[in-house]
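Remarks on the structure that follows.
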Amino acid sequence: MGVSGISIWQLLIVLLIVVLIFGTKRIKNIGSDLGGAIKSFRKGLNEAESAESDLSKIGEELNKDPEENEEESGETKND
């Protein structure tokens with residue numbers, strides 16, 4: 001018995017039917033399209049993470065004390 005009561009023979013019969021219906025060329029195209037979609041999705045995730053880290057750095061710089069910002073620019077606070 002395989003996963004959830006399905007034997008290996010039942011899986012092979014289903015695979016054979018799928019190959020007969022779609023053909024190997026179409027299954028190959030579907031596989032390559034799926035691989036490209038996954039690659040694009042991972043690339044998008046990496047770009048989103050890098051953009052998020054860039055925004056958090058900018059937010060940290062904006063949230064610094066005003067006195068620190070004045071010291072960095074060479075200005076002093078006049079009371």
Item to check | Condition met for residue 53 (under 23 Å from the mean Cα position of the chain (by Cα), among the hydroxyl-bearing types (Ser, Thr, Tyr) and modelled with pLDDT under 90) | outcome: yes
Checklist entry - Considering 25, 39, which residue is of a type in the set (D, E, K, R), assigned to a helix (DSSP H, G or I) and exposed (fewer than 10 other Cβ atoms within 10 Å of the Cβ)? => result 25
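The values are calculated or read from the model by the stated rules, or taken from the named source; none is laboratory data. From a predicted model like this one, the values you see are computed outputs, not experimental measurements. Don't worry about glycine lacking a Cβ; one is built from the backbone with ideal geometry, like all the others, and counts go over all protein chains shown.
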